[in-house]
Amino acid sequence: MNIVATLKQIPNVTDELELNAAGTDLDHDALQYVLNEFDEQALEEAVLAKEAAGGTVTVMGVDTTGELDAALHTALAKGADRAIKITGDFPRGTASHVQARLLADAIQGLSPDIVFAGVQAADDRDGQLGPMLAAHLGLPYVGVVTGVSVKDGQAIVHKEYAGGVMAEFSVALPMVVGVQAAHQPPRYAPVSKIRQIAKTAKIDEVAGNADGQGAGSTVRRMFKPQSAGHAEIWEGSPDEVAEKIAALMDDRGLLKRP
Amino acid sequence: MAVGLDKVKPEAITEDQHLVVDGMDISGHWNRMFAQRVIFDYDVDKLEQVAALPGGESLAWCYGCGKCTAVCPVDIVGDYSPRKIHRKTQMGIDLFTSPDLWLCTTCRNCLRVCPKEVDMIQIMPAVREQAVLQGNVPAELQKAFEDTAKNGNPLGQPQRKRADWAKTAGVPVPILKDLKRPVDILWYVGSYPSYHPRGMDAARAAARIFNALGIDFGILGVEEKDDGDSQRLAGEKGLFEMLAEYNIATFGKYAFGRMVVTGPHEFNAFKNEYPKYGADFKVAHYTRFLVEHLDRLRPLLKKPINLKVTFHDPCYLGRHNGEYDAPRELLRAIPGIELVEMGRCRENGYCCGGGGGGMWLDSFTKEHTRMRLSERRVREAVEYGADVLAVCCPFEVSRFEDAAKSTGNDKLLVRDILELLDESMRP
């Protein structure tokens, strides 16, 4: 089976986020970039699919940081077989619409049976990378997926809905999957192994062209969250506070009287 | 056979499998003393696999004397020692997948007594590295590896908060990036003093002591990352190398006379391991550094601490690097302190269980031993009547405090020497 997993680097959100001078975007050069955690899940699900059904996993991404090699080496250490880097003048923070176009062009010639992408990314405004990829490739798409099993040209896909509702789809391959979580936690790739692979692995480079592809939306203003209200602390004995809580719940229509 | 003064020629000696003399059967393998004793009744492949690894060779040198078993801190709370590892491996038990692989704390007491220099400090990382590459790692240790790789510290705390402890030190803690000038001392704080609540207490105490002594120092702040040495000893050599390369490059950005470290593991890393990767600077553990300033420190130690104190030698300060006196000199300088030694001290000091990755294998080790090493140690401190168990390794404060609680010895205080000095300096 021909499996593809797409990777995207995003700002490390555990760092202090800096805005650019115009207040329209992050100050990308001041930030550290890491692999999108949903893509880590997608990669894990791709490797699990390979282990269950056989085949090869190709990982690919748009090199927006000049540091994509490290992420690709990590993916190879986790069990991917081939790595492709899309190069060109694509700066940090390149919009997901542009990345989807570039990825689709690179995937097209691979004739994959199944493509795994992270369902969203922290720097993604619309969470549309997966659906756009599917649209460009003319393939069916299921998102918010928490597990895939492949058999006889079909994928059984578990999708998560709000409110804890789960659904199981049967989809004819090829298809694109937007992964919410792999059915096992992502494995750890020892740095020892990554460094071994980095010395010998070959990364295929593909020149990307996304002329005319827009971002789908523009950001007019970006700002840090402003606190709207403040919590009120109720003083008093437990009984008094319980009275107040009950009164408030009654006031908001949350109590059902017999 | 008549034997005169002449030697019996070898060809004249005959062996009888069954010999009866005067009605008594004296047959047996009497001739074995002249021949190689049969010791390889088992498949020795597993032993050879270990001995074939760079660093693993010396396991095959063991001749089974058992001196290590007598001093192994793990054997005291469990069933484990280098000799036992050798014997089990000789008998075909696979060390690469055995729980035994993760019990060694690399405390170095076995190597101290071993007549054959069987070196578990080399063997364990070599075998563990293979297990790590195969993905056979206890989950809690793997988490520490992941956290270190992602965040630069094994506690999984954000890098940007690395210097937050300094805000509540009450004294200036200059950060080299802002200072923009050479300093006498680059103080490498370390991960646990930077993030662990009890480690931060020691870091703040150190900052106050350095300020009181007028030391010209600076820290790396958010540029500092874990030294990685314990991760190396736990089998993640690549992670160690990645951190060593980063740290050496970071140190190289600044001009400093000497480095002072809070922890013995960092001291060992920078003194003995980093030079292999091109590092070239002088480093001192804080205990030796402060002893150098004892003439000026002593007059500041005004408040008596009237307690019976015992000192736990950190393996990586004592046995690994030969420093036993500096911590004791500091403790003796504090007025009021009565210093008592535990039975296992100095060269034969017990291990807290935190070295060689043990810091991140607490639950795993607990499953394979009768009690934690730290629990055995606090019991010993109590047996010697100590009010305070003094330490100078950032791994130990939390380990021993937890152990004091879990063994019902809550009364035993666990204090870093920095905290005791700082307390004695306060009015």
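Annotations
- Sparse-neighbour loop sites [trypsin sites (Lys or Arg not before Pro); the range A:157-212; at most 12 other C-beta within 10 Å; DSSP]: A:K202
- Degrees between helix B:373-383 axis and first principal axis of chain B (Cα, 0 to 90, nearest 10): 80 degrees
- Where chymotrypsin sites (Phe, Trp or Tyr not before Pro) fall in DSSP loop in the range B:42-102, at most 16 other Cβ within 10 Å: B:Y42, B:Y63
- Counted charge near B:T97, where neighbours are those whose Cβ lies closer than 15 Å (Asp, Glu -1; Lys, Arg +1): -1
- A:Q154 sits among other residues whose Cβ lies under 13 Å from its own Cβ, and their net charge, with Lys and Arg +1 and Asp and Glu -1, is -2.
- Sum of -39500 (n - 2.57) over DSSP H runs of 4+, divided by residues of chain B (222 nm, nearest 500): -10500 deg cm²/dmol
- Radius 10 Å from Cβ of B:A269, net charge of other residues (Lys, Arg +1; Asp, Glu -1): -3
- Applying both filters, DSSP loop and at most 16 other Cβ atoms within 10 Å, to the GluC sites (Glu not before Pro) of the range A:22-121 gives A:E67.
- Relative contact order computed over the range B:300-425 (Cα-Cα under 8 Å; 6+ residues apart), in percent: 33 percent
- Note on B:159-167: average number of Cβ atoms from other chains within 10 Å of each residue's Cβ is 1.
- In the elastic network of chain A, a GNM with C-alpha springs shorter than 10 Å, the most mobile of A:M60, A:M132, A:M166 is A:M166.
- Applying D = kT/(6 pi eta Rh) to the protein assembly as shown, where Rh is the Kirkwood radius over alpha-carbon pairs, T corresponds to 10 °C and eta to 1.306 mPa s, the Stokes-Einstein value obtained is 54 µm²/s.
- Within the protein assembly as shown: Cβ-based charge dipole about Cα centre, in debye rounded to nearest 20 (Lys, Arg +1; Asp, Glu -1): 1360 debye
- Prolate/oblate/rounded call for the range B:259-350, Cα gyration tensor, a/c under 1.5 rounded: oblate
- A cysteine counts as unpartnered when no other cysteine's C-beta lies under 4.7 Å of its own; in chain B this applies to B:C62, B:C65, B:C72, B:C104, B:C114, B:C345, B:C352, B:C392, B:C393.
- Given 15 as the ceiling on other Cβ atoms within 10 Å, longest exposed-site-free region of chain A for chymotrypsin sites (Phe, Trp or Tyr not before Pro) in DSSP loops: A:1-160
- Peptide-level mean, for A:182-193, of C-beta atoms on other protein chains within 10 Å: 6
Readers should treat all values here as calculations from the given coordinates under stated rules, not as data from a laboratory. All figures in this text were calculated on a predicted structure; none of them were measured in a lab. We place every Cβ from the backbone using ideal geometry, glycine too, and count neighbours over all the protein chains shown.
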